[in-house]
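Peer 1: Got a structure for you, questions after.
The values are calculated or read from the model by the stated rules, or taken from the named source; none is laboratory data. Source: prediction; values computed, not measured. Don't worry about glycine lacking a Cβ; one is built from the backbone with ideal geometry, like all the others, and counts go over all protein chains shown.
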Amino acid sequence: MELDALDRQLLAELAAHGRLSNMELAQRVALTHSAISRRIARLKKRGDSRLWSDH
């Protein structure tokens, strides 16, 4: 699975501010809370080690 621009932006925000809530992430990358939740779940399933365990 290739990362798209939004995935890369999301991961960059998490790398810089790892403890942001999903709501804060949604505001920073201009997506809805539910879209962030789906993307994080997909990235976790993919096994991306850059994600914090509390997302």
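Peer 1: If I ask for residues that are part of a helix (DSSP H, G or I) and more than 15 Å from I36 (Cβ to Cβ), which ones from segment 1-25 would you list?
Peer 2: A15, A16
Peer 1: Can you tell me which of (1) out of contact with any helix residue (DSSP H, G or I) (no Cβ under 9 Å at 6 or more places or on another chain); (2) modelled with pLDDT under 90; (3) not aliphatic (A, V, I, L, M) is the one R50 doesn't meet?
Peer 2: Against the list (1) out of contact with any helix residue (DSSP H, G or I) (no Cβ under 9 Å at 6 or more places or on another chain); (2) modelled with pLDDT under 90; (3) not aliphatic (A, V, I, L, M), R50 comes up short only on (1).
Peer 1: Pairs under 6 Å by beta carbon, first residue closer than 14 Å to A41 by Cβ in segment 9-31, partner among the hydroxyl-bearing types (S, T, Y) and in a helix (DSSP H, G or I), six or more apart or different chains?
Peer 2: N22/S37
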